[in-house]
Each structure stands twice: as structure tokens, then as C-alpha cells.
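Notes follow once the structure below has been shown.
No value in this document is a laboratory result; all are computed from the given coordinates. Keep in mind that this is a model prediction, so the values were computed, not measured. For neighbour counting, all protein chains shown are included, and Cβ atoms are generated from backbone atoms with ideal geometry for every residue, glycine included.
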Amino acid sequence: HSQGSEDIFSSWFTYFTILLWVATVAVWLSRLNGALSKFNPLFIIPLLQCSFIFFAIISGGIFFKEFNAFNGAQWIGFWGGICVMFIGLVLLTPRDISEKGDDCILPQDVTDLIIRLGDIYPDEGRVSNASIIRTPRTPMPTPRMDTFYQDNDNLSADRTDIDQKS
């Protein structure tokens, strides 16, 4: 077996491993799809990744008996790294609207400025033409003169006159 002459595709274990991997991917994608339909993707994707990384590290450490050889400094570094990963995840956690308090309300001076600049009449429930909310115009391309004269036959005579005078 050390000469590399073993055919791995003749072993049942290869197909069992591939089947197990496909099943694991199917479960992972199903759970990911369900989580994305219920939660904010900017939070749930890092949460799923952190969970996957954490459990992969723990299972690898147990299976390969890596934790048996850890000394004190390695344990501190290991748990420090795990804590940094989860602290980053906590920082990504979106705050609930009820917890925001007055943070989501514009300051009074900004509100007054918007009302003055936008000429908004909140009592009447209407917005004047001077509102700040405008739909942008699409820029029109500058026409080339050759195309302009070709499209307008009556102006082509004018161009001929100009060309002859030059």
C-alpha cells in the first residue's frame, strides 16, 4: 500500500464518504436557506460560519487528541481566539428597534433644516414642488454633428453651405 498502487475507487469506504459528504452539504444548504429566509444575512452568515468553525475546531481537537498536548499558554491562546471570534459576532448583532431609543430619531435641528429646505407642510399633509425628494433625470448623450446633419435632411443643405464657405 505504500507504493501508491491502491485503487481508492474500488473501496466501499470512498463511496460512503462521498455520500456522507453530499448529505452533509444538503443539510448545511437547507439550514442556511432557512436561516436566510428568517434573519438578516449580514448577521446570520457570520453566525453560521462561527458555529461551523467552533464545532470543527472542537471535534478536530477531540478526534486527533490535540487538546491532550495543550499546556497553559496554549489553552489561554485557544480560548482567547474563540472569544475574539464570538466577540466579533456579538458586535455584528443588530440592535432591536425598541433598544435604540432616541438614536433612530433625527435631532430637532436636522428636522427643522429639512423642513425649511424642502418646503414641507406637515400640517396639510402635502409636499410642495421645492421638496428635497426629487427623481433624477437620466443624462442625455451629446449628439455628434455628423449624425445630426444626416438625420435632418433640411439642415444638410445648411452644412453644405458652411463647408463651401470655409
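Remarks
- FRET efficiency for the pair Thr17 and Ile53, taken as 1/(1 + (r/R0)^6) with r the Cβ-Cβ distance and R0 = 25 Å, rounds to 0.70.
- Scoring 7-19, 78-90 by mean Cβ neighbours within 10 Å over their residues and listing the highest first yields 78-90, 7-19.
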